[in-house]
Amino acid sequence: MKTPWTDKISRDNPLPEYPRPQMVREPWQSLNGRWDYAITKSENAPARYDGGIVVPFSPETELSGVMRNLRPDEYLWYHREVTVPESFAGKRVLLHFDAVDQEAVVWVNGRELVRHVGGYLPFEADITEALSNGKADILVRVIDISDTGSHSRGKQNTKRGGIWYTPQSGIWQSVWMEAVPECYVKKLRITPDFDNAAVEIAAETVGSETAYAHFMGESYALPASIPVPDMRPWSPDDPYLYDFSVTCGEDKLESYFAMRKFSVEKDKDGIMRLFLNGRPCFHNGLLDQGYWSDSMYTPACEEAMEFDILTAKAMGFNVLRKHIKVEPLRWYHLCDKHGMLVWQDMINGGGYYNLFTISSPLITGISFKDNHYRLFARSDAEGRAQYKRELREMIEHLYNCPCIALWVPFNEGWGQFDAAEMYEYVLTLDKTRTIDHASGWHDQGVSDVRSDHVYFRRYSFKPDKKGRAVLLSEFGGYNLACEGHCFNTRDYGYRRFKSEEALEAALTELYQNQIAPAKKQGLAAAIYTELSDVEDELNGLISYDRQVVKLAPEKVRKIIDVGE
């Protein structure tokens, strides 16, 4: 299924933008484009390749040029010979992989340089010593056991259908190189101090040089608390970004930050609400799973990412709940730029989920204690440890993004365990954002919010017994099939409609007669399912191929307006 961008992108240089918008440096080189690939049964390098693949699109996708599924017992190989640019001379050369699903081993000129487990987060290798006459022969081996183990896998399932989707594998975010001096900045940590009109900036460096931040004509040795005069708050209505630069010896990079504050507080009527910059802010949003019909996990181009964000904004939504996926950093940059709040889910994992565990609370409303590891498919201790490592890595990876308002460690009991402890762990990593420790059900009674999912009944607001803010973190799921724009003949949704007019009437009733009254009573957020169709799911406001916007944005904006 083609999207509006399928035939526009360059197969030799897709997604050519610098992949890390808050740490931009020169020189760099994109390695996206055509690589050799092979799929084998052996863990030994192939003698010949099966053909070409367009990176960073997974072999299962149309844009990869392969359209072949990787099985859990197979190996996926990538190969490319690269000449290091002359501008890299005399510097260290770093090779970056922004996401490879699930386990990867990387060799350069026959030397193994890195092994990485986890399909959603970046890793890198210093390849300087492995280079030969300025050339790098790069070989990557990938295995992806999908849902047959305890790895983080999101909604990928070898038996796809309904809310579970076709598994994909291999390189699915950008591959790139950059050159750095012997002393350089490895990471930045940017924390707005809204109450004191300052920003705290720290740098992790390699080498003995001190890092300095340069802002509004002044320089500050890092770490530093830097004043922001005449502070202009960031919000969906005014997404103002401040530029600054950082130097460390000969290293120089460009970055940005925004001044905003997220909190949970009582409003003037004593009701617990989500606050932005010291004022109540109703989070009126969409579930966003980030799948495209031609490229699955990987957006075809910057324009594709921007289309989703701007369409949601034109419809009047101010939040996207990034559901069970981590996007390329440029997606978050676009949310920063255009003023879209983001709820970020952690990727679920564990064993096969018990249908009783993950479904009964939807009907009974009863939450289970999540230290029963077998009940929640979390018996594997190493799987639990891997989850915790990846949770930390995800938060550190996305920490600087101004748009992220809320972390969601667990959803609907999928691989949930020790959520109260994980809530406390997230607090040690980030005290600046709200935490929804258990979205949907299996609430463990902690955090500042209670999070409900309601699909099969009318929504009626109920205050939280513990005095927490109440989130309706999933609801709706109204289905409208668009002939000629469906993945197959299967039709999954919570309520089905035959026409645009019927869908419009149902959404109007839903928002005006259920959500609007609930907001007045104390509801702090409402996340409608969902932005776009995904495979069998036809409950998006946009078709899976992004060719059809089912309701005009101005109509949706009017429907979802539930007042101040």
*Looking at region 464-494, which of its residues are within 18 Å of H283 (Cβ to Cβ) and either touching a His at 6+ places or on another chain (Cβ under 7 Å) or not small (G, A, S) (or both)?*
D464, R468, V470, L471, L472, S473, E474, F475
_I'd like the full set of residues that are closer than 13 Å to F487 by Cα and assigned to a loop (DSSP other than H, G, I, E, B), limited to region 529-538._
D533, E535, D536, L538
_Pair list, Cβ < 6 Å and 6+ apart or interchain, from region 351-375 residues that are more than 21 Å from S146 (Cβ to Cβ) to residues that are acidic (D, E)_ = S367/D443
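Scan region 4-13 and give yes if some residue there is without any contact (Cβ under 8 Å) to a residue 60 or more places away in the chain and under 30 Å from Y184 (Cα atoms), otherwise no.
Looking for residues that are without any contact (Cβ under 8 Å) to a residue 60 or more places away in the chain and under 30 Å from Y184 (Cα atoms), one finds at least one in region 4-13, hence yes.
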*Working only within region 152-177, note down all residues that are over 27 Å from F487 (Cα atoms) and buried (at least 24 other Cβ atoms within 10 Å of the Cβ).*
V175
*Out of all the residues in region 201-217, which are more than 17 Å from E250 (Cβ to Cβ) and crowded, with 17+ Cβ neighbours inside 10 Å?*
I201, F215
*Residue by residue through region 381-434, note down the ones that are within 24 Å of R273 (Cβ to Cβ), crowded, with 22+ Cβ neighbours inside 10 Å and polar (S, T, N, Q).*
N411, T434
*region 79-90 - residue that is within 32 Å of the chain's Cα centre (by Cα) and among the charged types (D, E, K, R) and, of those, surrounded by the fewest Cβ atoms within 10 Å (Cβ to Cβ)*: E81
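What residue, of W292, W343, is crowded, with 23+ Cβ neighbours inside 10 Å, in contact (Cβ under 8 Å) with a residue 40 or more places away in the chain and under 16 Å from F410 (Cα atoms)? Quick ask: steps written out before the conclusion?
On the way: W292 fails: under 16 Å from F410 (Cα atoms).
After applying the criteria, what remains is W343.
How many of the residues in region 172-192 are touching a Leu at 6+ places or on another chain (Cβ under 9 Å) and part of a strand (DSSP E or B)?
Number satisfying all stated conditions: 9.
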*Exclusive hit being surrounded by 14 or more Cβ atoms within 10 Å (Cβ to Cβ) and under 22 Å from the mean Cα position of the chain (by Cα), set H453, H442, H485*: H453
_Between a residue in region 209-220 that is over 13 Å from L188 (Cβ atoms) and aliphatic (A, V, I, L, M) and any residue that is at pLDDT 95 or above and surrounded by fewer than 17 Cβ atoms within 10 Å (Cβ to Cβ), which pairs come within a Cβ distance under 9 Å, given they are 6 or more apart or on different chains?_
M216/P227; M216/P229
*asked:* Quick test of your reading of the structure: A197 fulfils all but one of (1) free of Cβ contacts under 8 Å to residues at least 60 places away in the same chain; (2) surrounded by fewer than 16 Cβ atoms within 10 Å (Cβ to Cβ); (3) aliphatic (A, V, I, L, M). Name the failing condition by number.
replied: (1)
_Selection count where residues are closer than 17 Å to E474 by Cα and exposed (fewer than 15 other Cβ atoms within 10 Å of the Cβ), scope region 496-507_ = 0
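The values are calculated or read from the model by the stated rules, or taken from the named source; none is laboratory data. Bear in mind that the values here come from a model prediction, so they are computed numbers and not experimental data. As a convention, Cβ positions derive from the backbone with ideal geometry for all residues, glycine included, and neighbour counts pool all protein chains shown.
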